[in-house]
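The values are calculated or read from the model by the stated rules, or taken from the named source; none is laboratory data. Keep in mind the model is a prediction, meaning the values are calculated, not measured. As a convention, Cβ positions derive from the backbone with ideal geometry for all residues, glycine included, and neighbour counts pool all protein chains shown.
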Amino acid sequence: MNHEMFTAWQRRVIANAVVALAIAFLVTLTGAAVLAAAALFARLQWVLLPVAIGMLIAYLLMPAVDWLHTKRKWPRAAAVLTVFGLGTVAIATVATLALPAIVQELTDFASKLPALLQRATASASALADGARAQGPGAWKGFLDQLATSVTSSLPDLARHLTTMLPSILSNAISLLSAVVGFLIIPVYVYHFLKDPDYFASNWKMYVPVTNTAVRTDIIHLVGEINESLQAFFRGQCIVAACVGALAALGFYIIGVDFALLIGIWVGLFDLVPLFGVIAGAFPAALIAYGQHNGSWQLSLEAIGVCAVVHMLENWILAPRIVGTKTGLHPVSVVLSILIWGHLLGFIGVLLAVPLTSTLTVLFRHYLWRHLPAKP
């Protein structure tokens, strides 16, 4: 290109346009790769979920195995088998102690469910009667229209169910493969604990960088991220267990039925930050409402228990156990859960916070520190 054909300003415009096109191409290529990976993970989530759970359990048990191996000089396999065996005994002991109570509560729930449904129906009928008294003509017309719509849609519903049968069978096969995957979680845990150096060193061979300094920097950064995520996962599991126990104790004190079941529900959902206590407040309030024949007092007390547990989690448990490992604002946590859940499904919900925290570390390390300071 003859540079004398263009002025200096025109050359700057062309150069900026070429750079802009290159950046747009890279952004588009990266976005396409992310979407393709998200679609792949969404289809394989029930295959990858047992692997993720196995990795999480290995994260929890790794400090004990490392202590036996490095401090006590035990062989790695012996340390893994010892920790694995003690963990299995501990889980079996807790299950033996808690299982009778859980079975009893499940039995009570099954026996009381018809009465709860009957009370809910009676409350709904009372609300309907009140609405009918305020506008009998309009309410009757609405009910008639609703009944007509439901009746007319039944043939279409049957036809849709028939067409959905192959999909249902396919999902059943996927569910069977997921069950098999969950059954081999102990195998994943054993190998993650026994051969951490294999997984920690082999990935370094595939870093697509030839520059030694940059390669070392990437490896060091990934190591820091891994240590941070290990601490986060361990802390979050401990926090979830404490929150579930506190919620169950609070529901038991105020007299809500099935307190242990609701506490387990809260603890499981609390593995997703900010959602555990909120997910537990709704069923607790409903059970308390049906338990007292439509009285809101016990429901409000149940919601109060959830609020107290939520405050204890945010002010005491999470800061002391998890600390500031992620550095994310609560609004960022909620948005990350929604976005990653949409992209990766259930695995995205579980891994939303560590994934967002990892991206934040990468941006801060490679992009934000190179931006010019504000004037």
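Could you grab me the full set of residues in the stretch 331-360 that are aliphatic (A, V, I, L, M) and farther than 15 Å from residue 46 by Cα?
Listed by number, the residues that qualify are 331, 333, 334, 335, 337, 338, 339, 352, 353, 355, 359.
Regarding residue 270, is this residue under 30 Å from residue 355 (Cα atoms), among the acidic types (Asp, Glu) and surrounded by 19 or more Cβ atoms within 10 Å (Cβ to Cβ)?
So residue 270 fits the description; yes.
Does residue 41 satisfy the criteria of being in a helix (DSSP H, G or I), touching a Leu at 6+ places or on another chain (Cβ under 6 Å) and of a type in the set (Phe, Trp, Tyr)?
The answer is yes for residue 41.
Quick one: in the stretch 82-106, of everything that is touching a residue at least 60 places away in the same chain (Cβ under 8 Å) and out of contact with any Phe, Trp or Tyr (no Cβ under 6 Å at 6 or more places or on another chain), which residue is surrounded by the most Cβ atoms within 10 Å (Cβ to Cβ)?
My answer is 83.
So, of the residues in the stretch 245-264 that are β-branched (Val, Ile, Thr) and outside any loop (DSSP other than H, G, I, E, B), which turns out to be farthest from residue 308 (Cα to Cα)?
264
So if I check each of 64, 17, 42, which one is at pLDDT 85 or above and surrounded by 12 or more Cβ atoms within 10 Å (Cβ to Cβ)?
64
On the basis of being under 25 Å from residue 58 (Cβ atoms), in a helix (DSSP H, G or I), under 20 Å from the mean Cα position of the chain (by Cα) and at pLDDT 85 or above, does residue 267 make the cut?
yes
Go over the candidates 30, 70, 7 one by one and state the one that is modelled with pLDDT of 85 or more and over 24 Å from the mean Cα position of the chain (by Cα).
Result of the check over 30, 70, 7: 70.
Taking the options 256, 277, 243, name whichever one is at pLDDT below 80, within 25 Å of residue 99 (Cβ to Cβ) and in contact with a helix residue (DSSP H, G or I) (Cβ under 7 Å, 6 or more places away or on another chain).
Going through 256, 277, 243 in turn, the sole match is 277.
Is it the case that residue 35 is among the hydrophobic types (A, V, I, L, M, F, W, C) and loosely packed, with under 15 Cβ neighbours inside 10 Å?
Answer is yes for this residue.
Would you pick out the residues in the stretch 238-267 that are out of contact with any Gly (no Cβ under 7 Å at 6 or more places or on another chain), at negative phi and crowded, with 19+ Cβ neighbours inside 10 Å?
Within the stretch 238-267, 239, 242, 246, 250, 256, 257, 259, 260, 261 qualify.
Given (1) modelled with pLDDT under 80; (2) in a helix (DSSP H, G or I), where does residue 36 come up short, assuming only one miss?
The one condition residue 36 does not meet is (1).
Return the residue satisfying two criteria in turn: it lies in the stretch 318-375 and is among the hydroxyl-bearing types (Ser, Thr, Tyr) and either loosely packed, with under 15 Cβ neighbours inside 10 Å or under 11 Å from the mean Cα position of the chain (by Cα) (or both), and of such residues it is modelled with the lowest pLDDT.
So the residue we want is 324.
Restricting to the stretch 216-240, name every residue that is small (Gly, Ala, Ser) and either modelled with pLDDT of 90 or more or under 20 Å from the mean Cα position of the chain (by Cα) (or both).
228, 231, 235, 240
Among the candidates 120, 79, which residue alone is part of a helix (DSSP H, G or I), at pLDDT 85 or above, surrounded by 11 or more Cβ atoms within 10 Å (Cβ to Cβ) and out of contact with any Pro (no Cβ under 7 Å at 6 or more places or on another chain)?
After ruling out the rest, the residue left standing is 79.
Cβ-Cβ distance below 9 Å, separation of 6 or more or different chains: which pairs start in the stretch 1-25 with a residue that is on the phi > 0 side of the Ramachandran plot and assigned to a helix (DSSP H, G or I) and end on one that is modelled with pLDDT of 85 or more and surrounded by 10 or more Cβ atoms within 10 Å (Cβ to Cβ)?
Pairs that qualify, where the first residue is on the phi > 0 side of the Ramachandran plot and assigned to a helix (DSSP H, G or I) and the partner is modelled with pLDDT of 85 or more and surrounded by 10 or more Cβ atoms within 10 Å (Cβ to Cβ): there are none.
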